[in-house]
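Here's the structure we're looking at; comments come further down.
The values are calculated or read from the model by the stated rules, or taken from the named source; none is laboratory data. These numbers come from a predicted model, not from an experiment. Ideal geometry is used to build each Cβ from the backbone, glycine not excepted, and the neighbour counts take in all protein chains shown. Side chains included, ligands, DNA and RNA excluded: accessible areas come from the protein's heavy atoms. Shrake-Rupley method; radii C 1.70, N 1.55, O 1.52, S 1.80 Å.
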Amino acid sequence: MVRVFCIGRNYAEHVRELSNVVPQTPVVFMKPGSCLVPCGEAIRLPKHGHDLQHEVEVVIRIGKPGRVESKEGALSWIDAVTVGLDLTLRDVQDELKKRGLPWEKSKAFDQSAPIGEFVSCDGTIDLNDIAFTCRVNGVERQRGSTRDMIFSFETLLIELSRIWSLQPGDLVFTGTPSGVGPLAAGDTVEIQGERIGAFSWKIVA
């Protein structure tokens with residue numbers, strides 16, 4: 001089963017828009033592989049909350065097993081890259097945060113991780129300078145670049161390796177820029193990554 005690691009609060013403007021504190025170390029949570037949604041599949045609104053929000057992210061795929069111990073050579077663990085959505089029930093998350101409880105109910109529900117098609121990391125893409133966007137019904141909501149991440153790809157891989165031995169096929173959602181917002185039934189959400197491609201999904205009741 002695919003492991004899906006997610007990084008929270010990795011873009012300063014997003015941290016500020018949700019009135020959070022900039023973390024000193026990466027914020028890590030996980031989604032089950034069953035959350036993944038391929039391009040074009042309809043996404044049903046979850047029933048246990050009412051404020052579904054989009055969070056566009058660059059996603060990397062691990063290509064070899066082991067633990068990353070230093071920044072030197074760390075990027076060699078990444079064999080492909082794409083963009084994805086960390087769908088979040090914000091009202092549910094806010095309530096869980098108030099109570100000091102885990103985020104799974106707000107982040108790890110079915111269809112909470114739409115994901116685009118992967119592009120091989122063959123040296124033609126500068127991972128540290130990928131521009132990406134999210135549009136809803138043709139209107140741009142989010143725009144970011146991996147150069148603005150608080151924690152670099154290398155740092156994220158080292159942090160994950162402190163706890164887990166990485167395995168081929170592991171995915172890492174690397175955080176979202178500012179501009180997160182609501183989705184409703186009938187919306188079409190499209191995400192695009194520079195030199196990666198554009199992918200879209202329809203939200204249905």
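For the chain, set up a Gaussian network in which alpha carbons nearer than 10 Å are linked by springs, and say which option among ALA113, ALA42, ALA185 fluctuates the most. Of ALA113, ALA42, ALA185, the most mobile in the Gaussian network model is ALA185. Note on exposure: GLU17, GLU117 ranked by accessible area (1.4 Å probe, complete protein assembly) read GLU117, GLU17, with the most exposed listed first.
Please say if the stretch 45-94 is rounded, prolate or oblate, where rounded means a/c under 1.5 for a ≥ b ≥ c the square roots of the C-alpha gyration tensor eigenvalues, and otherwise the choice is prolate for a/b larger than b/c and oblate otherwise?
Values: a/c = 3.65, a/b = 2.85, b/c = 1.28.
Prolate, because a/c is 1.5 or more and a/b exceeds b/c.
In plain terms, the chain from VAL28 to TRP164 could stretch by 47.8 nm, reckoned as 0.36 nm per residue minus the Cα-Cα distance.
Karplus-derived 3J(HN,Hα) values for the stretch 144-160, using 6.51 cos²θ - 1.76 cosθ + 1.60 with θ = phi - 60°, are x, 8, 5, 5, 9, 5, 5, 10, 5, 4, 4, 5, 4, 5, 5, 5, 4 Hz; glycine and proline are entered as x. In whole percents, the pair-distance distribution calculated for the chain from its alpha-carbon pairs, binned every 10 Å from zero, is 9, 38, 39, 14, 1.
Its Cα centre serving as origin, the chain has a Cβ charge dipole (Lys and Arg +1, Asp and Glu -1) of approximately 540 debye.
Heavy-atom accessible area per residue, the chain, 1.4 Å probe: how many Å²?
Numbers: 9190 Å² over 205 residues.
On a per-residue basis, the chain sits at 45 Å².
Summing charges over all other residues whose Cβ lies under 11 Å from the Cβ of GLY33, with Lys and Arg as +1 and Asp and Glu as -1, gives +1. The overall shape of the stretch 52-142, judged from the alpha-carbon gyration tensor, is oblate: a/c is not under 1.5, and a/b is no greater than b/c.
Between the stretch 65-86 and the stretch 129-205, the C-alpha centres lie 15 angstrom from each other. The accessible area of VAL204, taken with all protein chains in place and a 1.4 Å probe, comes to roughly 40 Å². Surface composition of the chain: carbon and sulfur make up 50 percent of the accessible area, probe 1.4 Å.
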